[in-house]
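See below for the structure under consideration.
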Amino acid sequence: MSYRIFIDGQEGTTGLKIRKRLLGREDLELLAIAEEDRKNTEARLKMMKRADISFLCLPDAASREIVERAEPGMRILDTSTAHRTNIDWAYGFPELSTIHRERIRGSNRVAVPGCHATGFISLVKPLISLGLIDADYPLVCHSVTGYSGGGKQMIATYEEKDRDGSLESPRQYGLEQNHKHLAEMAAVSGISFLPAFHPIVADYYSGMLVTVSLHGRLMKKKRKQDELRQELADYYNDQPVIKVMSRDEKPTDGFLAAGAMAETDGLELYVLGNEEQITLMARYDNLGKGASGAAIQSMNIMLNMPETKGLVL
């Protein structure tokens, strides 16, 4: 059986990656909209009506606009920020719980997680669910990303021949603590207060490293490193996309490269630091598990296919 797939916004970074992953799959037919109809709402809605699943790879406002016009029976995967905290939408992170997975499977509306949020939630949600920290724990998160996370405009800026010299060094942003992923990070992980969040963009194309630090003395349930690592491994047991790295798999040179997972769709979790200052780290591709890979994984679940089909792991 072949399913019809429509990518609304396939010219953008996320849409291009989704299309690349889906090309050549014999079980899918990619619907193509005429170039002159790319911004024609009626033409796009007709494509969505033909499709078994539609990916929205659009700015937030454009996603909201087309969703308002879409029929309830249209199955939609939205990669924008627009619907991630909407309780009427399934959240596209199946590893978080059996409830998340089943909501994705049965829903016509699925919001794909944000790239920064994916790393934070993968680390913090188990801590809350297992009662290891209180919901009001004063969390701090640093997230390093390649410049592809900023979309076409940022990619063009970084790849200009005569670019500004400041782009050669990492740049921190979200300086007013108002990053658009913060609401999602709090709502999905179950924390009571927003974390102090420090996103950093650096001079490489793709790959992400998210760090959450814990103080052992402030944890509700004290855990040694090996114990905490095992609890995370148990939480994500049998999840094919997420791997909790063992003690022996930590970097031998003392460095963890943020871009090492580029062009893949998996996610690695590390427990490092020491018994008092515990460093939790999530490493993945901001265009993979942080965007397109997560979208395809959810699509597979919605269509009752093996969830890793078409992914690069």
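Overview of results
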read-out: Flag for Met299 being within 30 Å of Met1 (Cβ to Cβ) and either at pLDDT 95 or above or under 14 Å from the mean Cα position of the chain (by Cα) (or both); value: yes
read-out: Tally, over the stretch 5-44, of residues that are surrounded by fewer than 16 Cβ atoms within 10 Å (Cβ to Cβ), in contact with a helix residue (DSSP H, G or I) (Cβ under 6 Å, 6 or more places away or on another chain) and not aliphatic (A, V, I, L, M); value: 1
read-out: Per-region count, the stretch 188-206, residues crowded, with 17+ Cβ neighbours inside 10 Å and either of a type in the set (A, V, I, L, M) or out of contact with any helix residue (DSSP H, G or I) (no Cβ under 9 Å at 6 or more places or on another chain) (or both); value: 5
read-out: From Asp238, Asp203, residue being at pLDDT below 95 and farther than 18 Å from Gln277 by Cα; value: Asp238
read-out: Residues satisfying the stated conditions in the stretch 234-267, i.e. without any contact (Cβ under 8 Å) to a residue 24 or more places away in the chain and surrounded by 13 or more Cβ atoms within 10 Å (Cβ to Cβ); value: Ser246, Lys250
read-out: Single residue of the stretch 236-286 satisfying the filter (of a type in the set (Gly, Ala, Ser) and in a loop (DSSP other than H, G, I, E, B)) that is farthest from the chain's Cα centre (by Cα); value: Gly254
read-out: Filter pass, Thr157 being surrounded by fewer than 16 Cβ atoms within 10 Å (Cβ to Cβ), in contact with a Gly (Cβ under 9 Å, 6 or more places away or on another chain) and of a type outside the set (Gly, Ala, Ser); value: yes
read-out: Residue that is within 23 Å of the chain's Cα centre (by Cα) and either free of Cβ contacts under 8 Å to residues at least 24 places away in the same chain or under 23 Å from Leu182 (Cα atoms) (or both), where the choices are Ala43, Ala90; value: Ala90
read-out: Residue within the stretch 135-153 that is more than 17 Å from the chain's Cα centre (by Cα) and buried (at least 22 other Cβ atoms within 10 Å of the Cβ) present; value: yes
read-out: From Gln239, Gln225, residue being over 25 Å from Asp134 (Cα atoms), out of contact with any Cys (no Cβ under 7 Å at 6 or more places or on another chain) and either assigned by TED's automatic domain parsing to the domain that holds Thr81 or of a type in the set (S, T, N, Q) (or both); value: Gln239
read-out: Any hit, the stretch 105-121, residues being polar (S, T, N, Q), in a loop (DSSP other than H, G, I, E, B) and surrounded by fewer than 18 Cβ atoms within 10 Å (Cβ to Cβ); value: yes
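Condition check ((1) under 30 Å from Ser166 (Cα atoms); (2) in contact (Cβ under 8 Å) with a residue 24 or more places away in the chain; (3) part of a loop (DSSP other than H, G, I, E, B)) across all residues:
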{"site": "Pro199", "(1), (2), (3)": "yes, yes, no"}
{"site": "Arg217", "(1), (2), (3)": "no, yes, no"}
{"site": "Lys222", "(1), (2), (3)": "no, no, yes"}
{"site": "Arg229", "(1), (2), (3)": "no, yes, no"}
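The values are calculated or read from the model by the stated rules, or taken from the named source; none is laboratory data. It should be emphasised that the depicted structure is a prediction, and the values quoted were computed from it without experimental measurement. Methodologically, a virtual Cβ is constructed for each residue, glycine included, from the backbone with ideal geometry; neighbour enumeration extends over all protein chains shown.
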